[in-house]
Amino acid sequence: MSKILITGGAGFIGSHVVRLFVNKYPHYEIYNLDKLTYAGNLENLKDIEASENYNFIKGDIVDQDFVQELFQAHKFDSVIHLAAESHVDRSISNPTEFIFANIVGTVNLLNVAKSIWDEDGNNIFYHVSTDEVYGSLGNEGLFEETTPYDPRSPYSASKASSDHLARAYWHTFNVPIKISNCSNNYGSHQFPEKLIPLMINNIQHNKSLPVYGAGENVRDWLWVVDHARAIDVVFHNGKIGETYNIGGHNEWKNLDLIHLLCDIMDEKLAREEGTSRELITFVKDRAGHDMRYAIDSSKIEKELGWIPSITFEQGLEQTVDWYLENKEWLDRVTSGAYQEYYSAQYQ
Ligand code: NAD
Ligand code: TYD
C-alpha cells in the first residue's frame with residue numbers, strides 16, 4: 001500500500017491526475033490536498049469521491065505548521081505536487097500571491113519531506129512544472145531539458161524558482177525529486193480564464209473574444225488526460241533527480257486556434273458559418289507576452305515510451321462537447337457559486 005499526497009487535486013490538471021491514480025491504482029491511498037481557491041472545485045471529482053482509496057483534505061501549503069502536522073499524521077510515501085497559482089495574467093496583477101503559493105508552498109512541502117523521509121525509503125517528490133520556465137522562443141527551435149531557464153512572467157519566475165529549489169533539495173539533502181515541464185494543457189474542467197475555455201464560454205454567451213496583440217503568439221497544446229498519463233509514467237518509471245519535458249507536437253498561433261474554435265462552435269450551436277468569428281476583438285497585448293512555446297518531448301518518448309494518445313482535432317472536439325454539456329459547471333465557476341458552497345462546507 002502506497003500513500004500518495006497529490007496537491008492541487010481539485011484544480012484542472014490535478015483532478016485528472018487524481019482520477020487516473022484513484023481508478024488505476026486501487027491499492028494506493030490517494031490524499032488530495034487543496035485550498036479550494038477560485039480554481040479548485042470538488043465538483044471536478046464527483047465521479048470518484050466515494051472511492052475507498054480517495055481522501056480529501058482542505059488546506060493551504062503556504063501554512064508551514066499545517067503541512068508539517070499533516071505529514072506527521074499521515075506519513076505519506078510520495079508527493080505529486082501540482083498546487084499552484086497558475087494564470088499568467090493574474091501573476092501580472094498580483095505577483096506576490098504567486099511567490100507565496102508557488103515558492104513558499106513548495107519549500108514547505110520539500111522541508112517536511114526532507115525531515116520525515118529516510119534516505120532508503122523509496123519515496124518520490126514529484127514537482128509538476130511548466131515549459132514557461134524556459135522563456136520565449138523565436139520562429140525556430142524547441143525547449144529541451146537542457147535549455148537554460150529564462151522565465152519572463154511572475155508566474156514562470158515562481159515556477160522556475162520552485163523547480164530550482166526542488167533540484168537544490170535533491171543535490172543538497174537527497175530529497176528524491178522528479179520534475180516534468182509541460183506545455184499548455186486543454187480539456188475538461190479548466191477554469192474559463194485560460195484561452196480555450198474562455199473562448200468557448202464567451203462564444204456561447206455571444207461575448208467578445210479578446211485576442212491579445214495581433215494573435216500571432218504560438219502555444220503547443222496537449223490534452224490534459226495525456227498530461228496525466230505522462231505524470232503516471234514519470235512517477236512510476238522516471239529516474240530520481242531527472243527532468244522530463246512533456247508536449248503535444250501541436251503548435252498553434254492563437255488567432256488560428258480561435259478561428260478553429262469559432263468554426264467548431266458555429267457548427268455545434270447550429271449558427272451560420274462565420275457568426276462566432278465576428279466576436280473576435282483585438283485588445284491590448286499582455287505585458288511581456290512570450291511569443292512562442294514549443295516542446296521537444298523526445299526524452300520521455302524514448303526513455304519512458306509515452307506519446308500523446310489522441311489528435312488535437314479529437315481532443316478539441318471532446319473538449320468543446322464537454323463544456324457544452326456542462327454549462328452549469330461553467331456558470332457556477334464563473335459566478336463563484338462552488339467556492340461559496342465548498343467554503344461553507346469546509347471551514
Ligand atoms: P489550476 O489553477 O487549475 O489548479 C491549481 C489548484 O491548486 C487549485 O485546485 C487550487 O485550489 C490549488 N491551490 C492553489 N494554491 C494553493 C495552496 N496555497 N494550497 C493548496 N492548494 C492550492 O492549475 P492547473 O492548470 O491545473 O495547473 C496545475 C499545475 O500544473 C500547476 O503547478 C501548474 O504550474 C502546472 N502546469 C499547468 C499547465 C497548464 O497548461 N495549465 C501546463 C504545465 C504545468
Ligand atoms: P493562457 O491560456 O493564459 O496560457 P499561457 O499564457 O500560460 O500560455 O493563454 C494562451 C495564449 O492565449 C497566450 O498567448 C495569451 C493568449 N490569450 C489571448 O489572446 N486572449 C485571452 O483572453 C487569453 C486568456 C489568452
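Given the criteria within 30 Å of residue 264 (Cβ to Cβ) and at pLDDT 95 or above, does residue 173 qualify? So that I can check it myself, show each step before the final result.
Values: within 30 Å of residue 264 (Cβ to Cβ): no; at pLDDT 95 or above: yes.
It is false that residue 173 is within 30 Å of residue 264 (Cβ to Cβ) and at pLDDT 95 or above.
Could you pull out every one of the helices (runs of 4 or more DSSP H) wholly within the stretch 1-102 that has 3 or more residues that are away from ligand 1 (no atom under 11 Å from the Cβ) and either at pLDDT below 95 or open to solvent by 20 Å² or more (accessible area, probe 1.4 Å) (or both)? Steps first, please.
On the way: elements: 12-24, 64-74, 88-93, 95-98.
By residue number, 12-24, 64-74, 88-93.
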Under 7 Å between Cβ atoms, which residue pairs at least 6 apart in sequence (or on different chains) link something in the stretch 287-305 that is in contact (Cβ under 8 Å) with a residue 60 or more places away in the chain with a partner that is open to solvent by 40 Å² or more (accessible area, probe 1.4 Å) and in a helix (DSSP H, G or I)? 287/92; 304/237
Given the conditions (1) part of a loop (DSSP other than H, G, I, E, B); (2) at pLDDT 95 or above; (3) open to solvent by 10 Å² or more (accessible area, probe 1.4 Å), every one holds for residue 122 apart from (2)
Which pairs have Cβ atoms under 6 Å, sit 6 or more apart or on different chains, and link a residue in the stretch 221-248 that is more than 22 Å from residue 165 (Cα to Cα) and in contact (Cβ under 8 Å) with a residue 60 or more places away in the chain to one that is small (Gly, Ala, Ser) and away from ligand 2 (no atom under 16 Å from the Cβ)? 226/309; 247/297
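Would you say residue 130 is open to solvent by less than 30 Å² (accessible area, probe 1.4 Å) and under 30 Å from residue 265 (Cβ atoms)? Can you show your working first?
On the way: open to solvent by less than 30 Å² (accessible area, probe 1.4 Å): yes; under 30 Å from residue 265 (Cβ atoms): yes.
So residue 130 fits the description; yes.
The values are calculated or read from the model by the stated rules, or taken from the named source; none is laboratory data. None of these values were measured; they are calculated from a predicted model. Cβ: placed from backbone, ideal geometry, glycine included. Neighbour counts: every protein chain shown. Keep in mind that these areas ignore ligands, DNA and RNA; they rest on the heavy atoms of the full protein, side chains included. Shrake-Rupley method; radii C 1.70, N 1.55, O 1.52, S 1.80 Å.
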